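The values are calculated or read from the model by the stated rules, or taken from the named source; none is laboratory data. The structure displayed is predicted, hence computed values, not measured ones. Positions of Cβ are generated from backbone atoms using ideal geometry, with glycine treated the same way; all protein chains shown enter the neighbour counts.
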Amino acid sequence: MIDRRQAMLATLALGLPSVAGAQTAPPRLAGKAPVAGLPEPDETIDLWPKGAPGQPAKALIETVDERSKDSALTDRAVYGISRPRMVVFRPRIPNGNAVLITPGGGYRWVVIDKEGYEIARWLAARGWTCFVLFYRLPGEGWAAGPDVALSDAQRAMRLIRAGARDYGIMPERVAAMGFSAGGHVCADLATRFDASTYAPVDAADALAARPDVAAPIYPVQSMRLPFAHPGSRDLLLGHNPSAALESAHSPEDIVSASTPPTFLVHAEDDSVVPVENTLRLRAALKAKGIAVETHLFTHGGHGFGLRRAAGKPVERWPELFVAWAQTQGLS
């Protein structure tokens with residue numbers, strides 16, 4: 001558990017800044033104007049002040065693709081991320097809560113709008129300070145291999161707590177939320193928050209990386225077939241991984257008494273990531289006595305986020321999350 005006194009000392013006594021120097025701009029399509037009524041965020045936090053560790057042998061070129069056919073609705077995805085960073089959504093009146101959001105993308109890319117900016121805007125409108133993480137992808141040659149996205153998530157959590165004073169948040173009220181493959185990042189962080197995946201960079205790395213609550217939404221979770229999402233599994237672990245490697249990266253096998261309370265959502269008609277991913281993670285959490293709230297919906301498919309949930313019972317999931325988080329002390 002996070003020690004409140006230790007966290008406050010780190011953020012207040014040390015006075016760690018949330019942002020130092022010029023930061024890398026958010027991922028964007030060159031020359032494309034934002035959608036009317038949806039201003040693009042500008043505030044970012046680079047995770048690694050001296051560059052991300054374990055650079056690939058071949059330099060990456062960050063690329064943003066627009067997948068939407070509707071000019072009034074963006075659906076961007078980014079890959080080739082060599083400068084992992086958080087994009088910040090500040091609420092008008094902070095309620096003290098923060099959330100690290102890890103969008104999905106099958107570990108092929110990181111989606112920007114559908115599972116990043118949209119839920120960040122929704123939560124920020126309700127007082128949450130939101131940090132959308134553009135994490136490095138394990139199939140792009142990083143030295144950390146399958147731990148590279150976890151490294152970014154750990155570092156991000158520590159930087160959020162380091163900047164708690166500047167962001168008007170409480171360091172013991174920081175959630176993690178992830179979708180699909182980003183749900184794997186979220187569940188990995190919730191179960192392996194204290195794993196040593198990178199060499200400490202600065203004083204922020206003395207802070208806890210454990211989220212106070214976790215919300216893996218329709219998560220890629222198991223790395224075992226037939227439950228695993230094949231594309232995410234191949235990019236994370238390579239072809240034909242050993243049983244030991246599968247287990248080491250399946251959060252259901254790593255749940256411990258220190259895993260935070262967890263909120264789970266899945267549609268039973270998900271044809272991309274089987275609902276068994278959520279059911280197996282729930283069973284593992286219950287076996288360790290971890291508080292877990294689970295919502296299963298008949299219809300929703302995969303990747304519903306906010307936009308594809310509209311008009312269905314599953315559209316209530318964000319409200320259910322906020323109500324549940326209040327029961328866990330995030331009020």
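Of the numbered conditions (1) within 21 Å of the chain's Cα centre (by Cα); (2) part of a helix (DSSP H, G or I), Leu245 satisfies every one except a single condition; which is it?
Only one criterion in (1) within 21 Å of the chain's Cα centre (by Cα); (2) part of a helix (DSSP H, G or I) is unmet by Leu245, namely (1).
Given the criterion among the acidic types (Asp, Glu) and closer than 22 Å to Phe89 by Cα, identify the matching residue among Asp46, Asp70.
Unique residue meeting the criteria: Asp46.
Please name all residue pairs, on different chains or six or more residues apart, with Cβ atoms under 7 Å, provided the first residue is in region 315-331 and is in contact (Cβ under 8 Å) with a residue 24 or more places away in the chain and more than 11 Å from Glu293 (Cβ to Cβ) and the second residue is aromatic (Phe, Trp, Tyr) and crowded, with 16+ Cβ neighbours inside 10 Å.
Close Cβ pairs satisfying both conditions: Pro318/Trp122.
Give all pairs with beta carbons closer than 8 Å in which a residue from region 234-245 that is within 19 Å of Val185 (Cα to Cα) meets a residue that is hydroxyl-bearing (Ser, Thr, Tyr); count only pairs at least 6 apart in sequence or on separate chains.
Qualifying pairs under 8 Å: Leu235/Tyr107; Leu236/Tyr107.
Among the residues of region 111-125, is any touching a helix residue (DSSP H, G or I) at 6+ places or on another chain (Cβ under 7 Å), buried (at least 24 other Cβ atoms within 10 Å of the Cβ) and closer than 15 Å to Glu43 by Cβ?
No, that holds for no residue.
Within region 39-61, restricting attention to residues that are surrounded by 14 or more Cβ atoms within 10 Å (Cβ to Cβ) and hydrophobic (A, V, I, L, M, F, W, C), which residue is nearest to Phe131 (Cα to Cα)?
The qualifying residue nearest to Phe131 (Cα to Cα) is Ile45.
As an exercise: evaluate Met170 against (1) among the hydrophobic types (A, V, I, L, M, F, W, C); (2) crowded, with 24+ Cβ neighbours inside 10 Å; (3) not in a strand (DSSP E or B) and give the number of the one condition it does not meet.
Just one mismatch for Met170, condition (2).
Which condition from (1) more than 30 Å from Ser256 (Cβ to Cβ); (2) of a type in the set (A, V, I, L, M); (3) at pLDDT below 80 is the one that Leu9 breaks?
Of everything listed in (1) more than 30 Å from Ser256 (Cβ to Cβ); (2) of a type in the set (A, V, I, L, M); (3) at pLDDT below 80, Leu9 misses just condition (1).
Report yes if Pro216 is assigned to a strand (DSSP E or B) and either out of contact with any Leu (no Cβ under 6 Å at 6 or more places or on another chain) or small (Gly, Ala, Ser) (or both), otherwise no.
yes
Pick out the one residue from Arg155, Arg161, Arg165, Arg210 that is basic (Lys, Arg), outside any helix (DSSP H, G or I) and either over 22 Å from Gly106 (Cα atoms) or touching a Pro at 6+ places or on another chain (Cβ under 9 Å) (or both).
Arg210
Restricting region 287-313 to residues that are out of contact with any Lys or Arg (no Cβ under 8 Å at 6 or more places or on another chain) and β-branched (Val, Ile, Thr), which is farthest from Val110 (Cα to Cα)?
Out of the qualifying residues, it is Ile290.
Looking at the structure I just gave you, is Pro313 crowded, with 17+ Cβ neighbours inside 10 Å and either in contact with a Ser or Thr (Cβ under 9 Å, 6 or more places away or on another chain) or under 25 Å from Leu123 (Cβ atoms) (or both)?
No, not satisfied.
Looking at (1) buried (at least 21 other Cβ atoms within 10 Å of the Cβ); (2) assigned to a loop (DSSP other than H, G, I, E, B), which is the one condition that is false for Ala199?
(1)
Do we have Arg85 as at pLDDT 95 or above and surrounded by 17 or more Cβ atoms within 10 Å (Cβ to Cβ) here?
yes
If we keep just the residues of region 173-196 that are part of a loop (DSSP other than H, G, I, E, B) and in contact (Cβ under 8 Å) with a residue 12 or more places away in the chain, which is surrounded by the most Cβ atoms within 10 Å (Cβ to Cβ)?
Ranking the qualifying residues of region 173-196, first place goes to Ser180.
What single numbered condition from (1) buried (at least 22 other Cβ atoms within 10 Å of the Cβ); (2) aliphatic (A, V, I, L, M); (3) closer than 12 Å to Asp188 by Cα fails to hold for Val265?
(3)
His302 fails exactly one of the following numbered conditions: (1) under 26 Å from Glu118 (Cβ atoms); (2) more than 20 Å from the chain's Cα centre (by Cα). What is the number of that condition?
(2)
Output yes when any residue across region 96-103 is buried (at least 21 other Cβ atoms within 10 Å of the Cβ), farther than 30 Å from Ser247 by Cα and in contact (Cβ under 8 Å) with a residue 12 or more places away in the chain, and no when none is.
Yes; the residues of region 96-103 include at least one that is buried (at least 21 other Cβ atoms within 10 Å of the Cβ), farther than 30 Å from Ser247 by Cα and in contact (Cβ under 8 Å) with a residue 12 or more places away in the chain.
Take region 126-152 and flag every residue that is in contact with a strand residue (DSSP E or B) (Cβ under 7 Å, 6 or more places away or on another chain), outside any loop (DSSP other than H, G, I, E, B) and either surrounded by fewer than 24 Cβ atoms within 10 Å (Cβ to Cβ) or of a type in the set (A, V, I, L, M, F, W, C) (or both).
Selection gives Cys130, Phe131, Val132, Leu133, Phe134.
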